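Below is one structure, written out as structure tokens, with a few remarks after it.
The values are calculated or read from the model by the stated rules, or taken from the named source; none is laboratory data. Just so we're clear, the structure is a prediction, and the values are computed from it rather than from any experiment. Cβ sites come from the backbone with ideal geometry, for glycine too, and all protein chains shown count toward neighbours. When the accessible area is computed, the model is the full protein with side chains, heavy atoms only, and any ligands, DNA or RNA have been set aside. Shrake-Rupley method; radii C 1.70, N 1.55, O 1.52, S 1.80 Å.
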Amino acid sequence: MRIVLLGAPGAGKGTQCKNIVVQYGLLHLSSGDILRQERAAGTELGEKAQSYMDSGGLVPDEIIIEMMTGAINKAPDAGFLLDGFPRTVNQAVGLDKSLAANEMTIDFVLNLQVDDDVVAKRITGRRSCPECGAVYHIKNLRPKAEGICDNDGVELVQRPDDTPDVVANRLKTYHQQTEPLVDYYRNNGAVYDFDADGTPDEVRGSIFEKLDALVKA
Ligand code: AP5
């Protein structure tokens, strides 16, 4: 199964991806996570990406397409779940070309829908573990001990791009450059919309219900 998960910053893409990949045995490929790993490792790619990420803009398409199609080509036969990529129509065209060269297509596009004011609150309250990547929220998803990761006891951190000013830019970028992708996919294949304003469990339940039905069909 090859899936694209779309949604604004803070819509809950990363949160839901963790559920979906376990349930359906897919590889989770998050462009944001890969970029953050490159930055942490101090690679040339990470350095190139830094200023775009910190301002809430998008890393240039050619860099991202090469990075993500390279990762997709190593995915297992069971398939993959793309999180944060593609993010522009140009990236989607690049992805389609790369998949077509291997006689593949995207099977399903899942679109998480939630208002800007909700996602802004979610993002500014997010804390994550620099060690294992676990994601928490200061109100909605608290760790057992405040500020400490449940999995490994490491101190939680706030992403540098999760400040109110940068979040406002990320949302602007999303509406201008990523939202048009929904229409691109509606014209090219199956897009399934989900109300992402419920609890994480409610959103997960509606996604699993749809995917179970699609897998059986
Ligand atoms: P990226 O890391 O992809 O960030 P994003 O798309 O802005 O998404 P987020 O990770 O902020 O949110 P999410 O939807 O995963 O939400 P989460 O589940 O964590 O990209 C970062 C940057 O990298 C970009 O700005 C860009 O510069 C660059 N980049 C990445 N990909 C690129 C590309 N393809 N092209 C160009 N540049 C690219 O949830 C957020 C919070 O809410 C958490 O605290 C969570 O606990 C909480 N939460 C989740 N769901 C719920 C719920 N249902 N109810 C209540 N709280 C919830």
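Tallying residues that are not in a helix (DSSP H, G or I) and not acidic (D, E) within segment 107-123 yields 7. Of all residue pairs spaced 6 or more apart or on separate chains, those with beta-carbon atoms under 6 Å, a first member in segment 77-102 that is open to solvent by 10 Å² or more (accessible area, probe 1.4 Å) and of a type in the set (D, E) and a second member that is more than 7 Å from the ligand (Cβ to nearest atom) and at pLDDT 95 or above are D83/L5; D83/C17.
If you scan segment 40-71, which residues turn out to be out of contact with any helix residue (DSSP H, G or I) (no Cβ under 9 Å at 6 or more places or on another chain) and open to solvent by less than 40 Å² (accessible area, probe 1.4 Å)? The one that is out of contact with any helix residue (DSSP H, G or I) (no Cβ under 9 Å at 6 or more places or on another chain) and open to solvent by less than 40 Å² (accessible area, probe 1.4 Å): G70. The sole residue among V135, V114 that is within 10 Å of the ligand (Cβ to nearest atom) and open to solvent by 50 Å² or more (accessible area, probe 1.4 Å) is V135. Quick one: is K18 within 13 Å of the chain's Cα centre (by Cα), more than 16 Å from Y174 (Cβ to Cβ), more than 8 Å from the ligand (Cβ to nearest atom) and open to solvent by 60 Å² or more (accessible area, probe 1.4 Å)? Yes.
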